[in-house]
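The values are calculated or read from the model by the stated rules, or taken from the named source; none is laboratory data. Nothing here was measured: the structure is a model prediction, and the numbers come from that model. Methodologically, a virtual Cβ is constructed for each residue, glycine included, from the backbone with ideal geometry; neighbour enumeration extends over all protein chains shown. Accessible surface is based on the protein model in full, side chains and every heavy atom, while ligands, DNA and RNA are left aside. Shrake-Rupley method; radii C 1.70, N 1.55, O 1.52, S 1.80 Å.
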Amino acid sequence: MFFVNDKEIKKLERDLELFAHRSIPFATKFALNTTARAAQVTAREDVKKEFITRNAFTRQSIQFRQAKSLNIRDQESAVGSTAPYMEDQEFGETKLKNSKQGIPLPTSYSAGQALNANPRTRLPRKPNKLENIRLKKQRKPGKTRRQQNLIAVKQAAQSGQKYVYMDLGRKQGIFKVVGTKKTPQIRMIYDLSNQALTIPKRAWLKPAVDKTIPKMPQFYKEALEFQARKHGMFE
């Protein structure tokens, strides 16, 4: 809760209504747009400080929409993000698998970072992006899971296939086959072990708006003063 001494604002409104009443909608529109812009700036700063962002896109996705109408009742401005995952951050979300395998979580290795780097701070490299990976249907020779996995890796190495799906029991995932044909090795690119993924709530928009709203009366006052000066009321 905050308190506003609105005596000056009401006086400016009365004066403008008397001498330049058509300027009021311009002042309200300016105040709304200034508020939305200030909330955008604050949200971007907060995200930069509080979140691990892997590129500039997340901050740049935070946009504001300007009020354009001069009908005060129709005026509205808005601030938010064009990135759908930012809604998950704001409110929290639980994602369930939508296929036989679990939810694909990219590993640090997929981004070119150390195997055990946690948290991952970059996006997967282009060849390791899920949409760029093509898996061949695997025959499953071998009696045990271990035998099946060994054979799958050897076949992938011999054929030049870079990626293979493997079920290791407690872990399932997409692996990249590296090394030589004689001594192939594997590195997990996507972990498919999780049947559900819980994204904890980490609000970024509401705190920014809460910080900005108390400034709105000042923005409105400045907008009224600008209109008053424009119409020569301070001369």
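Assorted remarks:
- Taken over segment 1-33, the criterion of being farther than 13 Å from GLU222 by Cα, of a type outside the set (S, T, N, Q) and modelled with pLDDT under 80 is satisfied by MET1, PHE2, PHE3, VAL4, ASP15, LEU18, PHE19, ALA20.
- Test: residue in segment 161-176 that is surrounded by fewer than 12 Cβ atoms within 10 Å (Cβ to Cβ) and touching a helix residue (DSSP H, G or I) at 6+ places or on another chain (Cβ under 7 Å): yes
- Screening the candidates VAL79, VAL153 for the property of being surrounded by 14 or more Cβ atoms within 10 Å (Cβ to Cβ) and touching a helix residue (DSSP H, G or I) at 6+ places or on another chain (Cβ under 9 Å) yields one hit, VAL79.
- When residues of segment 102-150 are limited to those that are closer than 13 Å to MET188 by Cβ and hydroxyl-bearing (Ser, Thr, Tyr), the one surrounded by the most Cβ atoms within 10 Å (Cβ to Cβ): SER110
- Taken as a whole, the structure places LYS182 among residues that are over 25 Å from THR53 (Cα atoms) and either open to solvent by less than 80 Å² (accessible area, probe 1.4 Å) or not aliphatic (A, V, I, L, M) (or both).
Each row is one residue, and each column tells you yes or no for (1) among the aromatic types (Phe, Trp, Tyr); (2) open to solvent by 20 Å² or more (accessible area, probe 1.4 Å); (3) within 19 Å of the chain's Cα centre (by Cα).
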residue: GLU13; (1), (2), (3): no, yes, no
residue: ALA20; (1), (2), (3): no, no, no
residue: ALA56; (1), (2), (3): no, yes, yes
residue: ILE62; (1), (2), (3): no, no, yes
residue: LYS68; (1), (2), (3): no, yes, no
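- ARG37 being surrounded by 15 or more Cβ atoms within 10 Å (Cβ to Cβ) and within 24 Å of LYS230 (Cα to Cα): yes
- Qualifying residue in segment 174-188 (condition: over 28 Å from ILE72 (Cβ atoms), touching a residue at least 24 places away in the same chain (Cβ under 8 Å) and of a type in the set (Phe, Trp, Tyr)): no
- Helices (runs of 4 or more DSSP H) enclosed by segment 1-80 - at least 2 residues per element that are touching a Leu at 6+ places or on another chain (Cβ under 6 Å), among the aliphatic types (A, V, I, L, M) and in contact (Cβ under 8 Å) with a residue 40 or more places away in the chain: 24-50
- Subset of segment 86-101 that is in contact (Cβ under 8 Å) with a residue 60 or more places away in the chain and open to solvent by 70 Å² or more (accessible area, probe 1.4 Å) - its residue that is farthest from GLN63 (Cα to Cα): LYS97
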